[in-house]
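K.L.:
There's a structure below that I have some questions on.
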2 protein chains.
Amino acid sequence: MTRATKKNRIDRNSPIPIYKQIKEIIIEELKAADSEGHPAITEGELTRRFHVSRAPVRQALKELADEGYVYRERAKGTFPVQELPVHPPNLELGGLVRYFREQGMDCNSRILGLERIVPSDDLRELLRLNREDKVLRISRLIYLTNRPLAWTQTYLFVTEDFQPTVDELEEMQSVFLLLESELGISITRGDHQISASGANEEEAEVLDFNIGDPVLVIETKLYTRNNQLIGWRRAVNIPDDYKVSFTVNR
Amino acid sequence: MTRATKKNRIDRNSPIPIYKQIKEIIIEELKAADSEGHPAITEGELTRRFHVSRAPVRQALKELADEGYVYRERAKGTFPVQELPVHPPNLELGGLVRYFREQGMDCNSRILGLERIVPSDDLRELLRLNREDKVLRISRLIYLTNRPLAWTQTYLFVTEDFQPTVDELEEMQSVFLLLESELGISITRGDHQISASGANEEEAEVLDFNIGDPVLVIETKLYTRNNQLIGWRRAVNIPDDYKVSFTVNR
DNA sequence: CAGTGGTCTAGACCACGTA
DNA sequence: ACGTGGTCTAGACCACTGT
């Protein structure tokens, strides 16, 4: 720590829980640390520093460990991970365009299609729909520096009164945000399946790619908070620019 | 619940923590449930049933939620997820062969190469090695029903006295298990990057595939428990049979 | 209103690592 | 011997949901 004034106070009147405040403070300090020393955070230290009990301190450290900021070793201590985790939201749901923009990259998207259709047999079966049910289909092409990056097709089983416009969708950058603000439905779980295949004719045309050239396909089952399967998405990605990265801790 | 005798007792003398015992019992009951009713587990119910305090019950339910067995809604309750999670260990580290075998599938593997080599410049830089350092390279071809499924090349920076034989490796099905039992080093974190590409000449030959046909490539940085980068792995997978699947909860 | 999960307190005992 | 994180107890108050 290079001469930094450390925050030693928790705001007990804040609506933000104590453990979250502690988390934020620690993340800030990890970022500020010049990766030289090994500040070795301990529970005792934090309880004394903030005058709180162990529970919020433990919850903070637990979540930091889960998120890859620190690792904990019994009887040794809690240590910062060298490279702080970055989270390209490859597999988060929505918000890809916004993420690239935040990285200062030239990224935008265009809605290719927006309609209510009768789903294919496979999709109807997957979503367990009746014969007469229709789904909302949103087809979106995402560009990075003016070159196609990914083509996503999202199918949602929602009430007819959810009628987003193309403008709204391009504005919001994510159907899911719109779903949340308009219907109060949030998508909180995604079952992803990643595979590689050769671009078919349609995909090649949309992505301005060659037929048969390898593309990365991510298919996702979309679930609401109460774990109702509400939709499905297929994303076809140009592999040169689009890679999925993430971390698995054991 | 179809007339099942419920376990209502925790073994307080067991070395297994209470919350884990509770977790196991709940998982069993979720599996046994005929997916009809919605047993709605609550904290109060469990504390009364097992005569324990809230802490272990909360820890059990928290982990079950993290693992996708249940979801929790404030002021409403804790509810089972319809489809119980399955965990194909695509991205777990090692043990792929064992997994397929447990599924009753005909899966085996062959060691194609096992040697200590001077790493490429890229790899040396990635692992931050000195010019004279050597790494252990293990090349393994995995078959499913006698057809090539995946080709993995694992590079580990370990002391010279770790000298596994081909037999040991084919026996153990995973270098990582061997590492753990021989040197006490466990690999606990993997940073994965997934992409698609066309098979190059070498990959095509090894996998008995066509040059340029799409393959799924998973490159992984391997870390020990103290988050030391100890190795790197490149897995080239036949996409018809090998898909990566996993769940993201928010 | 009673019941739920979310947060917090102030203690306790333990296994394990370091010195 | 001492400090660490892991587990547990027995309370407490809160916001929110259902009736």
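The values are calculated or read from the model by the stated rules, or taken from the named source; none is laboratory data. Because the structure is a prediction, the values reported are computed rather than measured. So basically every Cβ, Gly included, is an ideal-geometry build from the backbone, and we count neighbours across all protein chains shown.
K.L.:
If B:GLY231 satisfies all but one of (1) within 12 Å of chain A (Cβ to nearest Cβ); (2) buried (at least 17 other Cβ atoms within 10 Å of the Cβ), what's the number of the condition it fails?
P.N.:
Among (1) within 12 Å of chain A (Cβ to nearest Cβ); (2) buried (at least 17 other Cβ atoms within 10 Å of the Cβ), B:GLY231 violates only (1).
K.L.:
Could I ask something else about it? Look through A:ILE211, A:ILE187 and report the one residue that is surrounded by 15 or more Cβ atoms within 10 Å (Cβ to Cβ) and either assigned by TED's automatic domain parsing to the domain that holds A:GLN103 or touching a strand residue (DSSP E or B) at 6+ places or on another chain (Cβ under 6 Å) (or both).
P.N.:
A:ILE187
K.L.:
When A:ARG137 is evaluated against the numbered criteria (1) out of contact with any Leu (no Cβ under 7 Å at 6 or more places or on another chain); (2) buried (at least 17 other Cβ atoms within 10 Å of the Cβ); (3) closer than 27 Å to B:SER195 by Cβ; (4) in contact (Cβ under 8 Å) with a residue 24 or more places away in the chain, which criterion, by number, is the only one it fails?
P.N.:
(3)
K.L.:
From A:ARG128, A:ARG110, grab the single residue that is away from DNA strand C (no atom under 15 Å from the Cβ), touching a residue at least 40 places away in the same chain (Cβ under 8 Å) and in a strand (DSSP E or B).
P.N.:
Details: A:ARG128 fails: in a strand (DSSP E or B).
Of A:ARG128, A:ARG110, the one residue that is away from DNA strand C (no atom under 15 Å from the Cβ), touching a residue at least 40 places away in the same chain (Cβ under 8 Å) and in a strand (DSSP E or B) is A:ARG110.
K.L.:
Applying the selection to segment B:41-64, what residues are closer than 20 Å to A:THR188 by Cα and either without any contact (Cβ under 8 Å) to a residue 40 or more places away in the chain or in contact with an Asp or Glu (Cβ under 8 Å, 6 or more places away or on another chain) (or both)?
P.N.:
B:LEU61, B:LYS62
K.L.:
Kindly indicate whether any position in segment A:219-227 is in contact with a strand residue (DSSP E or B) (Cβ under 6 Å, 6 or more places away or on another chain), facing another protein chain (nearest Cβ under 8 Å), of a type in the set (Asp, Glu) and within 30 Å of B:LEU84 (Cβ to Cβ).
P.N.:
no
K.L.:
Another one. Being in a strand (DSSP E or B), touching a helix residue (DSSP H, G or I) at 6+ places or on another chain (Cβ under 9 Å) and within 9 Å of another protein chain (Cβ to nearest Cβ) is true for just one of A:VAL236, A:VAL215, A:VAL248. Which residue is that? Spell out the reasoning first.
P.N.:
Numbers: A:VAL236 fails: within 9 Å of another protein chain (Cβ to nearest Cβ); A:VAL248 fails: touching a helix residue (DSSP H, G or I) at 6+ places or on another chain (Cβ under 9 Å).
One residue alone meets the criteria, A:VAL215.
K.L.:
I would also like to ask the following. Sort out which residues of segment A:148-183 are away from chain B (no Cβ under 14 Å), hydroxyl-bearing (Ser, Thr, Tyr) and either in a loop (DSSP other than H, G, I, E, B) or surrounded by fewer than 17 Cβ atoms within 10 Å (Cβ to Cβ) (or both), and write them in order of number.
P.N.:
A:THR159, A:THR165, A:SER181, listed by residue number.
K.L.:
Looking for something out of contact with any strand residue (DSSP E or B) (no Cβ under 6 Å at 6 or more places or on another chain) and within 12 Å of another protein chain (Cβ to nearest Cβ) - is there at least one such residue anywhere in segment B:44-54?
P.N.:
Within segment B:44-54 (the criterion being out of contact with any strand residue (DSSP E or B) (no Cβ under 6 Å at 6 or more places or on another chain) and within 12 Å of another protein chain (Cβ to nearest Cβ)), the answer is yes, since at least one residue qualifies.
K.L.:
Next question. Out of all the residues in segment B:184-200, which are closer than 22 Å to A:PRO214 by Cβ and facing chain A (nearest Cβ under 7 Å)?
P.N.:
B:HIS192, B:GLN193, B:ILE194, B:SER195, B:ALA196, B:SER197, B:GLY198 - these are the residues of segment B:184-200 that are closer than 22 Å to A:PRO214 by Cβ and facing chain A (nearest Cβ under 7 Å).
K.L.:
Still on this structure, I have one more. If a residue has to be away from DNA strand D (no atom under 14 Å from the Cβ), of a type in the set (A, V, I, L, M, F, W, C), farther than 16 Å from A:VAL86 by Cα and in a helix (DSSP H, G or I) to count, how many in segment A:15-34 make the cut?
P.N.:
Qualifying residue count for the region: 1.
K.L.:
For segment B:48-85, which positions are hydrophobic (A, V, I, L, M, F, W, C) and surrounded by 12 or more Cβ atoms within 10 Å (Cβ to Cβ)? Can you show your working first?
P.N.:
The first filter runs over segment B:48-85 and keeps only residues hydrophobic (A, V, I, L, M, F, W, C), leaving B:50, B:52, B:55, B:57, B:60-61, B:64-65, B:70, B:75, B:79, B:81, B:84.
Within segment B:48-85, B:PHE50, B:VAL52, B:ALA55, B:VAL57, B:ALA60, B:LEU61, B:LEU64, B:ALA65, B:VAL70, B:PHE79, B:VAL81, B:LEU84 qualify.
K.L.:
Might you check whether a residue that is within 20 Å of the chain's Cα centre (by Cα), outside any loop (DSSP other than H, G, I, E, B) and either closer than 30 Å to A:LEU84 by Cβ or more than 9 Å from chain B (Cβ to nearest Cβ) (or both) occurs anywhere in segment A:201-212?
P.N.:
no
K.L.:
Just need a number here: residues in segment A:16-44 that are modelled with pLDDT of 95 or more and not aliphatic (A, V, I, L, M).
P.N.:
9
K.L.:
Picking from A:PRO85, A:PRO15, which residue would you name as being in contact (Cβ under 8 Å) with a residue 60 or more places away in the chain and on the phi < 0 side of the Ramachandran plot?
P.N.:
The match here is A:PRO85.
K.L.:
Taking segment A:41-96, which residues are within 15 Å of DNA strand C (Cβ to nearest atom), more than 21 Å from A:ILE10 (Cα to Cα) and part of a helix (DSSP H, G or I)?
P.N.:
A:ASP66
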